[in-house]
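Asker: I have a structure here, written as structure tokens, and I will follow up with some questions on it.
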Amino acid sequence: MNPIRIDPQKALDEALRFNQKLAAGFKTLRELDDVDYGVTEKEEVYREDKLVLYRFKGKDSPTAANSKKSAPLLIAYALVNRPYMVDLQGDRSLVKNLLALGEDVYLIDWGYPDQSDRYLTLDDYINGYIRRCVDVVAKRHKVEKINLLGICQGGAFSLCFASIYPQKIRNLITMVTPVDFHTADNVLSNWTRGMDVDLFIDTLGNVPADMMNWCYLTLKPVRLFQQKYLGLVDILDDKAELENFLRMEKWIFDSPDQAGEAFRQFVKDFYQGNKLVKGGLKIGDKDVSLKKVTMPVLNIFAEQDHLVPPSASRPLKQLAGTKDYTELAFKGGHIGIYVSGRAQREVPSAIHDWLAARA
């Protein structure tokens, strides 16, 4: 084995550059204000318990949903993170780009569950909250059906909702949505299948956000605990890039606790029972079968997604009952699909064009 040879001058130069970056970083940090998020103006149109339903306001009036042949778009995000990821900042906003294309966009903000929400179930979330939000949007626009965009866990909820209430959904879009929870490359699923979720929830009540975050970070420990922060040194002298980094960090660690009973059922029926694939899923007293998802479906997944690998999302093609199924494979990861430059160019226009073709 050849010994590693270190050039003393190169090592010295690298150390000097590192110190210069740190010195510039201290100056940049002093100039930073608290980073904000959620750039698009919005109005509250409905509130229930912790939930708030928002309608976003673009610079111009929406055009896509004003046609009698079209419908507004409701976004149902996951429970495990805050939904402002879809409207993070001016140049990283799925919502802003959809509005610019003429879509009329609504969003469910689940809020922050506390101990009073411990006994909320998936029945409460899907047959309760989502159903009432869909009805509010439909009533406001005097339509029978709306378009529904479900993201990650919110996509699984949206599949259940579309199965139970197909008469309420015109077009369904799922983004980075797990369908088959038992694929070999799904690390999170492999962890969760051996979990004693009854002991877990009976002990804790609600699931603490910090515990959830720790689990997600340890899926890629080197990248998320080391490389990310070492790479931070390279942008310490760039105020805009540093603000982008801090805004993302703020979103990652601004996570709600999880309502205990809903978490228990989601783990048992989805991660452990894989009932979207195997059948036998009930939400409250309603049976769920993906064969009842008969409206047009656009399934968007990320090719480098470590949380929802493509193999977990692709089975929807064979399982859904629709004859109008479209897939969009995005070159990126679970978060990049919302905020990367490529995503801003590709994803909103793909959604808009797909909806327009079905108007």
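Derivation of every value follows stated rules applied to the coordinates shown; laboratory data play no part. Here the structure is a predicted model, which is why all the values come from computation and not from measurement. Glycine gets a Cβ as well: all are built from the backbone with ideal geometry, and neighbour counts include every protein chain shown.
Asker: Among Pro221, Leu236, His306, whose Cα projects farthest towards the positive end of the dipole of the range 207-359, with charges put on the beta-carbon of Lys, Arg (+1) and Asp, Glu (-1)?
Answerer: His306
Asker: Also, I was wondering about something else. When the Cα centres of the range 300-352 and the range 108-165 are compared, how far apart do they sit, in Å?
Answerer: One Cα centre to the other: 21 Å.
Asker: Convex hull over the Cα atoms of the range 59-135, averaged projected area in nm²? Show your work: numbers first, answer last.
Answerer: On the way: hull surface 25.3 nm².
Result: a mean projected hull area of 6.3 nm².
Asker: Say the cut-off is 25 Å between C-alpha atoms; which of Lys27/Lys250; Lys27/Lys228; Lys42/Lys291 go over it? Each step should come with its number before you reach the end.
Answerer: Working: Lys27/Lys250 21 Å; Lys27/Lys228 21 Å; Lys42/Lys291 36 Å.
Over 25 Å Cα-Cα: Lys42/Lys291.
Asker: Taking a cut-off of 18 Å between Cα atoms, list the lysines near Lys142, but don't count ones fewer than 8 places away on the same chain.
Answerer: Candidates past the 8-residue exclusion: Lys68, Lys69, Lys168.
Asker: What number results when the radius of gyration of the range 110-159, computed over Cα atoms, is divided by 2.2 N^0.38 Å? Write down the numbers at each step before the final one.
Answerer: Working: Rg = 12.4 Å, N = 50, 2.2 N^0.38 = 9.7 Å.
Normalised Rg, Cα atoms only: 1.28.
Asker: Quick one: which residues, 5 or more positions from Ile173 or on another chain, have an amide H under 5 Å from its amide H? H modelled 1.01 Å from N in the peptide plane, none for Pro or chain starts.
Answerer: Close amide H contacts, sequence-distant or interchain: Leu148, Leu149, Gly150, Leu298.
Asker: What's the ranking of 252-265, 165-178 by average number of surrounding C-beta atoms within 10 Å, highest first? All intermediate terms of the calculation are to be shown ahead of the outcome.
Answerer: Values: 252-265: 20.5, 165-178: 23.0.
So the peptides 252-265, 165-178, ranked by packing, come out 165-178, 252-265.
Asker: About the Cα centre of the chain, what is the dipole size in debye to 20, counting +1 per Lys and Arg Cβ and -1 per Asp and Glu Cβ, all else neutral?
Answerer: Working: 48 positive and 48 negative charges, 262 e Å.
That gives the chain a dipole magnitude of about 1260 debye.
Asker: Can you give the % of DSSP beta bridges in the chain that are antiparallel, to the nearest 5?
Answerer: Working: 16 of 40 bridges.
So the antiparallel bridges in the chain amount to around 40 percent.
Asker: Distances over 24 Å make up what percent of all Cα-Cα pairs in the range 253-359? Before the final figure, lay out the partial values.
Answerer: Working: 2257 of 5671 pairs.
Summing the P(r) tail past 24 Å for the range 253-359 gives 40 percent.
Asker: May I pose another question? If the elastic network links every pair of Cα atoms under 10 Å, which of Asp180, Asp87, Asp36 fluctuates the most in the Gaussian network model of the chain?
Answerer: The residue that fluctuates most here is Asp36.
Asker: With r as the distance between the Cβ atoms of Gln227 and Ala356 and R0 = 30 Å, compute the FRET efficiency 1/(1 + (r/R0)^6) and round to 0.05. Display every interim value, and only then the final one.
Answerer: Values: r = 40 Å, r/R0 = 1.35.
Efficiency, from the Cβ-Cβ distance: 0.15.
Asker: Pairs Lys220/Lys292; Lys139/Lys331; Lys220/Lys268: which are spaced more than 26 Å apart, C-alpha to C-alpha?
Answerer: Numbers: Lys220/Lys292 36 Å; Lys139/Lys331 37 Å; Lys220/Lys268 24 Å.
Going by Cα-Cα distance, Lys220/Lys292; Lys139/Lys331 fall outside the 26 Å limit.
Asker: Using just the helices of the chain, give the 222 nm mean residue ellipticity in deg cm²/dmol: DSSP H runs with n ≥ 4 each add -39,500 (n - 2.57), and the total is spread over all residues, rounded to 500.
Answerer: Mean residue ellipticity, 222 nm, calculated: -11000 deg cm²/dmol.
Asker: Say R0 is 51 Å: what FRET efficiency, to the nearest 0.05, do Lys286 and Asn19 get from their beta-carbon distance? Walk me through the intermediate numbers first.
Answerer: On the way: r = 62 Å, r/R0 = 1.22.
Between Lys286 and Asn19 the formula returns 0.25.
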